[in-house]
1. Within segment 20-38, can you find the residues that are closer than 16 Å to residue 71 by Cα and exposed (fewer than 15 other Cβ atoms within 10 Å of the Cβ)?
2. Residue 115: assigned to a helix (DSSP H, G or I) and at pLDDT 95 or above, yes or no?
3. Could you list, ordered by first residue, the pairs with Cβ atoms under 8 Å in which the first is in segment 6-18 and over 20 Å from residue 64 (Cα atoms) and the second is at pLDDT 85 or above and surrounded by 17 or more Cβ atoms within 10 Å (Cβ to Cβ), at least 6 apart or interchain?
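The values are calculated or read from the model by the stated rules, or taken from the named source; none is laboratory data. From a predicted model like this one, the values you see are computed outputs, not experimental measurements. Using ideal geometry, Cβ is built from the backbone for each residue, glycine included, and neighbour counts are taken over all protein chains shown.
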C-alpha cells in the first residue's frame, strides 16, 4: 500500500482471510495482511501460511468503506446485533423435524407385529392365487375362440 497511515480492520485466517481480502480488492480498497506476533511458524512469518491468524490492515482513508463492506459480508459483527436466526451446532441433532398435522407413530408390540405379518402373508397368498386363476380363466376364454 502506498498510503503510510494504515488502520487495523479485522483478524482472520484460512478461507475467511481470503474471502475478506478478495472482497476488499474487488471494491478497490487496498489492503495488506500480516501474521500475528504469536504465530511462530516459518510459514506464518513469511506470509505463506494462510491458515494462521492474520491481521488485515487498510488505508485510513478507506477504513469506513472497508468496515461497512466487512459488516455487509458478515466478517465483522456489530455489538447487539443478532448473529444467527438458527443456532449453529457441531453436534448432529437427534430430534426429527415435526410436521404439522402428522401424528407420531408408536412402536408396535410383539403380538401385534406377529398378527400383522400373518395377515400380510395371507393377503399375499390370496393376491397370488387371484392372479394365477385370473390368468388361467383369460387363457381358457381365448382358447375357445381358436378351437
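1. 22, 25, 26, 27
2. Values: assigned to a helix (DSSP H, G or I): yes; at pLDDT 95 or above: no.
Here the answer is no, as residue 115 does not meet what is asked.
3. Listed pairs, sorted by first residue: 13/54.
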